[in-house]
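Report on one structure; see the data block that follows.
The values are calculated or read from the model by the stated rules, or taken from the named source; none is laboratory data. From a predicted model like this one, the values you see are computed outputs, not experimental measurements. Reconstructed Cβ throughout: ideal geometry from the backbone, glycine too, with neighbour counts over all protein chains shown.
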């Protein structure tokens, strides 16, 4: 699956309590960014930045397209292999239950929906 890297300042992860802590960004990455968006963005990169190597740039776009589909799995894999990196990630699996307008994400967090 490749290398997984952490930010050197571990406190960057203190607010992470579950995979839902990465929302809405994961959902947006998975549903709204696709190869056409990446190609459009790549078209705005000055050719001097990639030494006019169009095939190299297209290769990077292909890699980004593959990688964006794996981000959720990579975050979960990182947590599984190095749980100390996310000290406040709930020990119990994340649970989403809609009961009376309350959505419970983990034992420590909840959100009132429709309020």
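Overview of values
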item	result
Strands (runs of 3 or more DSSP E) within region 61-115 that include 2 or more residues at pLDDT below 50	102-106, 109-112
Filter result for residue 30 (at pLDDT 95 or above and outside any loop (DSSP other than H, G, I, E, B))	no
Given (1) within 18 Å of the chain's Cα centre (by Cα); (2) modelled with pLDDT of 90 or more, number of the condition residue 2 does not satisfy	(2)
Residues that are over 13 Å from the mean Cα position of the chain (by Cα) and surrounded by 10 or more Cβ atoms within 10 Å (Cβ to Cβ), drawn from region 26-39	34, 35, 37, 38, 39
Which numbered condition residue 15 misses (of (1) free of Cβ contacts under 8 Å to residues at least 40 places away in the same chain; (2) part of a loop (DSSP other than H, G, I, E, B); (3) under 17 Å from the mean Cα position of the chain (by Cα))	(1)
